[in-house]
Every structure is written in structure tokens, then in C-alpha cells.
Amino acid sequence: MSIWWQICSGREELVAGLQRELEISELLARLLVERGLTEPQQAWKFLNPRVEDLHDPFLLADMERVVERVFLARDRGEKVLIYGDYDVDGITSTVVLRRALEMLGVQSDFHMPRRLEDGYGLQAEVIQRAAEEGYGLVITADSGIRAFEVCSLARELGVDLVVTDHHLPDQELPPAWAIINPKRPDCTYPDKDLAAVGVVFKLVHALFHRAGKESVVPHFLKLVAIGTIADLVPLTGENRIIAKFGLEGLGDPRNVGLKALLEGAGVSREVNQFDVGFKVAPRINAVTRMGGGREVVDLFSVTDEGLAGTIVAEMNAKNLARREQEEAILAEVEALYQEDPRPFQRTFLVVAGRNWHRGVIGIVASRLVERFYRPVLVVSQGDEICQGSGRSIPGFHLLQALDSCRDLFLRYGGHVQAVGCALDPAGCAGGLIEELSRRLDAHARSQLEPQDLRPRIRVESLLRPEILDLKLYREVERLAPFGMGNPEPVFATRRLPVVAGPFVMAERHLKLKVQCNGSLLDAIWWRRAELAPQLEGLESVDAAYVLSRNDYQGISSLQLELRDLAGVGEAPEPAGGVQA
């Protein structure tokens with residue numbers, strides 16, 4: 001699949017203005033301008049975020065009402081049930097809210113849905129059981145914004161159901177007792193992009209403010225950062241503040257369970273967004289993906305280091321099992337593709353299989369988006385449940401796609417880039433999957449042009465080999481943490497000298513030795529070992545890459561993480577885009 005290099009052309013007068021006003025380098029000013037940060041004060045705040053810049057939590061609709069209800073529950077001695085969710089965002093939301101209520105003297109317990117048995121969304125039987133057990137207040141974490149029937153049931157049962165969520169609401173809001181969601185249309189909260197754990201954090205902030213204990217609020221940022229980064233929300237605005245200070249706090253964890261988790265994931269004292277996204281979050285997710293539940297929440301309450309280590313060891317084992325299931329499904333999909341590639345050429349790709357492990361189909365969908373670069377829905381067909389998980393490409397609204405054929409689902413929800421759904425098993429055994437595939441493809445073709453299905457690399461600057469060093473890396477790191485809305489800058493270098501290689505690492509990865517600034521640097525291309533034969537004998541390459549740091553035996557060196565190689569000879573011209 002060809003990749004389009006889109007090389008940015010800077011607005012020089014804006015770059016020069018930022019460079020002068022903020023006394024920063026031309027490159028850093030250029031990167032800020034590319035992120036839309038053209039005003040000096042705006043750019044300065046981005047480079048120097050402060051916890052004090054977090055918005056007043058009472059700006060969220062229904063916040064005052066919910067805070068009063070929580071303290072009323074405390075004063076009455078009522079039990080409060082936290083209705084969590086099974087992904088990292090929902091799990092960290094549950095942990096944060098549970099800990100906050102405990103500190104405030106509120107009696108509480110939590111319900112953790114079983115990913116494999118319960119599927120997506122609130123379950124009526126849980127609310128029924130909560131009412132029978134005397135819970136007067138139920139607070140959701142990361143779900144409920146489209147749970148109309150369950151919210152109505154709670155009202156009938158006399159249960160005050162508070163929805164805290166960040167997913168997109170339907171055309172109307174469900175009849176919950178209260179809804180805290182910055183995306184509700186009547187909410188004027190300034191930041192609409194909070195993760196679910198960010199929404200819960202705002203509730204916690206409001207509760208401790210009202211209790212006169214606001215000084216403890218920053219201590220929650222470590223877990224809030226994990227959920228925020230894992231959920232792939234834009235790392236701008238409040239999310240940037242949460243992620244930056246939360247990552248800093250993760251360098252010195254005091255919670256026994258959190259410390260054990262970081263050690264078990266092999267994370268050093270300098271924790272970054274990569275560590276959270278690719279080491280910590282998968283281990284948390286693996287518990288519910290592979291059939292576990294409450295233990296991942298309980299981990300953060302244990303005080304015994306031995307018990308914490310045992311739980312983390314089991315998490316690591318489940319993570320390995322998750323990888324095996326993921327690879328098995330991908331192998332099946334590849335076999336289907338080799339047998340008949342035509343269905344994989346549709347604009348919207350729907351892939352279904354019998355009894356695929358439902359805990360990993362979301363990850364499989366992400367991998368297939370990487371492989372085929374088009375929106376994907378992966379469906380696991382079973383006799384009693386038929387469940388799907390979808391992921392999208394930039395510029396395509398996945399939830400709206402599901403809205404276009406809502407009559408085919410038992411339930412569904414999500415947001416722009418990720419969705420979950422449940423379908424009728426009997427229908428899936430018939431022609432429902434093909435009908436769903438046809439209608440999703442028709443919707444996608446009405447929204448996307450052929451060029452939208454070609455992956456792009458946004459190259460922010462062409463760099464000369466002689467300026468590549470750790471000083472440059474540290475300068476670029478001022479923009480971190482990176483994520484959606486603040487992507488890690490991709491650079492390109494023409495005719496980058498290749499001194500040695502290619503080498504294959506761990507049978508999966510590719511490494512070249514390149515010469516930059518008088519030094520030999522490693523250039524790593526993750527999961528692209530199959531390209532090694534094509535690179536034999538090359539003396540130079542046109543490389544697109546991000547900067548990283550390699551720490552080995554106490555010595556730090558710059559490392560290039562390759563994103564693409566355009567070949568030998570003339571490099572792309574720095575205008576418009578070029579096909580690599």
C-alpha cells in the first residue's frame with residue numbers, strides 16, 4: 001500500500017513571531033504553528049501547562065446536583081454503587097471514584113461488567129439487583145449516555161441513577177436522575193474532549209472542593225492519566241494537563257498496587273505516554289479481555305506487596321494469552337484475504353468469525369485498520385451472543401456510520417474513532433452480517449473519496465543529518481506528552497547515509513545503522529522485518545521518522561523510529577505531497 005508524504009509548508013511570519021516572542025528555536029516555533037498555536041500567550045501556556053489551569057468542575061451541567069446527592073448519601077448512611085466499565089478508561093474511573101468516596105466517608109461498592117458475558121452497555125438486571133440490595137444511588141463510570149431503558153427502570157425502582165460518561169449522546173438524553181457529560185448538547189463546559197476518567201476526576205474535584213480538601217485532588221492524576229492516555233482522547237486542553245502531571249507522578253508511585261503494576265510492566269521511573277499506551281494499559285485491559293474482572297480494581301486497594309505482585313503476575317499471564325488470541329484471529333483473517341481479496345477492497349470492512357475471542361476483537365480491528373487503512377468492524381459470532389468492535393481512520397465518524405443502520409443492532413455506542421455493538425445471534429447466522437456490511441459500505445462510500453483510503457504521513461519538517469542529536473530530541477520533547485490532537489512530530493531526512501544493516505531483531509523488527517552528526521545511530525522500524533531483503537546494499541535512504549531516546553547501561557543516545565522509507569535518490573519535494 002502506497003503512503004502519501006504530506007510535507008508541511010510553514011507560515012513563516014507566524015513562525016518568526018513565535019520564535020521572537022517566546023525566545024525559542026525556529027523548529028520549536030514551527031511545530032507550535034503546525035498545531036494551530038499561533039498566538040504567543042496560547043503557545044506559552046501549551047509549553048508550560050499548570051494544574052491551576054484546570055477548569056472549575058461546577059461548570060459541568062448537573063455537577064452541583066450530583067455533589068449534593070453524594071453528600072446526602074453520606075449523611076444518610078446510604079450505600080452507593082459505582083457501575084464501572086471493562087476497558088482501561090472505565091476501570092481507572094471506577095478506581096478513582098471508589099477511592100474518593102472512601103476518603104469522604106461514603107459507603108460504596110462497585111460493579112464491574114464482564115466483558116465476555118455482559119457485552120457493551122448498562123444491564124437492567126444489575127440495577128434491579130442494586131435496588132433489591134438497598135442501593136439508593138448508582139453512579140456510572142464510562143457508560144449510560146444511551147441507556148434509555150435502564151435509566152427508565154432505575155426511576156421506576158426509586159434508584160437515583162447518575163450517568164458520568166464521555167461518549168456521544170443520541171438525539172435526546174436518557175431519563176437518568178443526573179447526567180455529567182461534557183458532550184451533552186446543553187452543557188457549556190469549555191473542554192468537550194475529556195475521557196470518562198477525566199469526567200469522574202471533575203466529579204472528584206468538585207466533591208473535595210465542597211469538603212474543603214482540595215489539596216488532595218492532584219494525587220488522583222496518576223490514575224486519571226493512565227485512563228486518559230489509554231482511551232486515545234485528544235491530549236490538548238485539560239487532557240494535556242492531566243497527562244503531563246499524571247505521568248510525572250507515575251515516576252514516584254506510592255500506591256502499592258500501582259507500583260507493582262509499573263514494575264511488572266517493566267516501566268522505569270521516567271514514565272511516558274508510550275509506556276502507558278503499550279505497556280501499562282494492555283495489562284489492565286487484558287484482565288477483562290481474558291475473562292477477569294474485580295481483581296483489576298482491587299489491585300489498587302491492596303496494601304500487601306506480595307498480594308499485589310501475585311495479581312500483577314496474573315495480569316501479565318493474561319496479557320500473553322491475549323496476544324496469542326489476537327494473533328490467531330489475525331491469521332484467520334489473513335487466510336480469508338488470501339482466499340478472496342475482493343471483500344477486503346470495500347470502503348468499509350466488516351470481518352466476522354465463529355467464536356472469535358470477544359475480548360480481543362477491538363485490538364484486531366485496530367490492527368486491520370493498520371493493514372487495510374479503512375474503517376473496520378470485527379464481529380464475533382456465537383450461538384448466544386454476537387458482538388462487534390470497530391475502529392476508524394482519520395476523517396470518518398464511526399458512530400454516525402452505525403447510526404445509519406441502527407435497526408440492525410440490539411445495542412451499540414461509542415464515539416468517532418471506536419464503537420462497540422451487539423447483534424442478534426439468529427440474525428448473524430442468517431444474512432445479517434452481509435446486510436450490515438453492505439449498508440456500512442454504502443454509508444462509507446458516501447462519505448469517503450478514494451484518496452481518503454490512502455494512508456498519509458504528515459512530515460512536519462525536513463531535517464539535515466548533522467543536526468540530529470539529543471539536544472534536538474530534548475527540544476522536541478517540550479511538546480510532550482504526545483497523542484491525538486498533539487501528534488508526535490514526524491521528520492524526514494533526504495539521503496540519510498546507511499552504514500550497516502538491515503538487521504532483523506526478535507524476528508519482527510528492522511534495524512539500520514545510519515550516520516548523523518558524526519555519530520552512528522540506530523534507526524528502528526517496528527514490525528517491518530519482512531522489508532529487510534529490499535534494503536540490502538542501500539547506501540542511503542529517504543527516511544520519515546520520529547525522534548526517541550535509547551537508554552542502555554546508563555548511556556543515552558538518540559534513536560530514530562522509522563515511519564516510512566521512500567527509497568534511494570531524490571527525496572520528496574517540500575511542497576504538497578508525494579507518494580512513497
Requested in this report: Can you tell me which residue among R406, R464 is closer than 17 Å to H167 by Cβ, surrounded by fewer than 16 Cβ atoms within 10 Å (Cβ to Cβ) and free of Cβ contacts under 8 Å to residues at least 40 places away in the same chain?
Outcome: R406
Report task. Sort out which residues of segment 160-182 are farther than 17 Å from E68 by Cβ and open to solvent by less than 30 Å² (accessible area, probe 1.4 Å), and write them in order of number. Result -> D165, H166, H167, P169, P174, N181, P182
Query - The listed residue being in contact with a Ser or Thr (Cβ under 9 Å, 6 or more places away or on another chain), within 30 Å of A131 (Cα to Cα) and either open to solvent by less than 70 Å² (accessible area, probe 1.4 Å) or at pLDDT below 95 (or both), out of R98, R11, R69 - result: R98
Report summary line: With the first residue restricted to segment 33-46 and required to be in contact (Cβ under 8 Å) with a residue 12 or more places away in the chain, and the second required to be open to solvent by 100 Å² or more (accessible area, probe 1.4 Å) and in a helix (DSSP H, G or I), Cβ contacts under 6 Å at 6 or more apart or on different chains are P40/E21
Query raised in the report: For F278, are the conditions met, namely being within 29 Å of Y189 (Cβ to Cβ) and either open to solvent by 50 Å² or more (accessible area, probe 1.4 Å) or touching a Gly at 6+ places or on another chain (Cβ under 6 Å) (or both)?
Result: no
Requested in this report: Test E507 against the stated conditions and say whether it is at negative phi and assigned to a loop (DSSP other than H, G, I, E, B).
Outcome: no
Query raised in the report: If R371 passes every condition in (1) surrounded by fewer than 21 Cβ atoms within 10 Å (Cβ to Cβ); (2) modelled with pLDDT of 95 or more; (3) not in a loop (DSSP other than H, G, I, E, B) but one, which one does it miss?
Result: (2)
Query raised in the report: Looking at T303, is it farther than 14 Å from H357 by Cα, outside any helix (DSSP H, G or I) and either out of contact with any strand residue (DSSP E or B) (no Cβ under 7 Å at 6 or more places or on another chain) or without any contact (Cβ under 8 Å) to a residue 12 or more places away in the chain (or both)?
Result: yes
Query raised in the report: Pairs under 8 Å by beta carbon, first residue within 15 Å of N239 (Cβ to Cβ) in segment 194-221, partner open to solvent by 10 Å² or more (accessible area, probe 1.4 Å) and of a type in the set (D, E, K, R), six or more apart or different chains?
Result: A195/D231; A196/D85; A196/D231; V197/D231; H205/E214; F220/R99
Query raised in the report: Is there any pair with a first residue in segment 535-562 that is over 17 Å from F491 (Cβ atoms) and modelled with pLDDT under 95 and a second that is among the β-branched types (V, I, T) and crowded, with 16+ Cβ neighbours inside 10 Å whose Cβ atoms are under 7 Å apart and which are 6 or more apart or on different chains, and what are they?
Result: L538/V498; E539/V498
Report task. Scan (1) open to solvent by 20 Å² or more (accessible area, probe 1.4 Å); (2) farther than 22 Å from L81 by Cβ; (3) assigned to a loop (DSSP other than H, G, I, E, B) for the single condition D191 breaks and write down its number. Result -> (1)
Query raised in the report: Has segment 383-396 got at least one residue that is touching a Pro at 6+ places or on another chain (Cβ under 8 Å), farther than 30 Å from F491 by Cα and β-branched (V, I, T)?
Result: yes
Query raised in the report: So which of E332, E384 ends up being farther than 19 Å from P455 by Cβ, part of a loop (DSSP other than H, G, I, E, B) and over 22 Å from the mean Cα position of the chain (by Cα)?
Result: E384
Query raised in the report: Right, G227: in contact (Cβ under 8 Å) with a residue 12 or more places away in the chain, farther than 30 Å from E125 by Cα and not aliphatic (A, V, I, L, M) or not?
Result: no
Requested in this report: Go through (1) among the β-branched types (V, I, T); (2) within 21 Å of L436 (Cα to Cα); (3) assigned to a helix (DSSP H, G or I); (4) open to solvent by 10 Å² or more (accessible area, probe 1.4 Å) one by one and return the number of the condition T310 breaks.
Outcome: (2)
Query raised in the report: With respect to R30, is the statement that it is over 16 Å from L479 (Cβ atoms) and open to solvent by 10 Å² or more (accessible area, probe 1.4 Å) true?
Result: no
**Report entry** Test for A444: is it assigned to a helix (DSSP H, G or I) and open to solvent by 20 Å² or more (accessible area, probe 1.4 Å)
**Finding:** no
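The values are calculated or read from the model by the stated rules, or taken from the named source; none is laboratory data. Values in this document were obtained by computation on a predicted structure and should not be read as measured data. In this analysis, Cβ positions are derived from the backbone assuming ideal geometry, glycine residues included, and neighbour counts consider all displayed protein chains. These area figures cover heavy atoms from the full protein model, side chains too; ligands, DNA and RNA do not enter into them. Shrake-Rupley method; radii C 1.70, N 1.55, O 1.52, S 1.80 Å.
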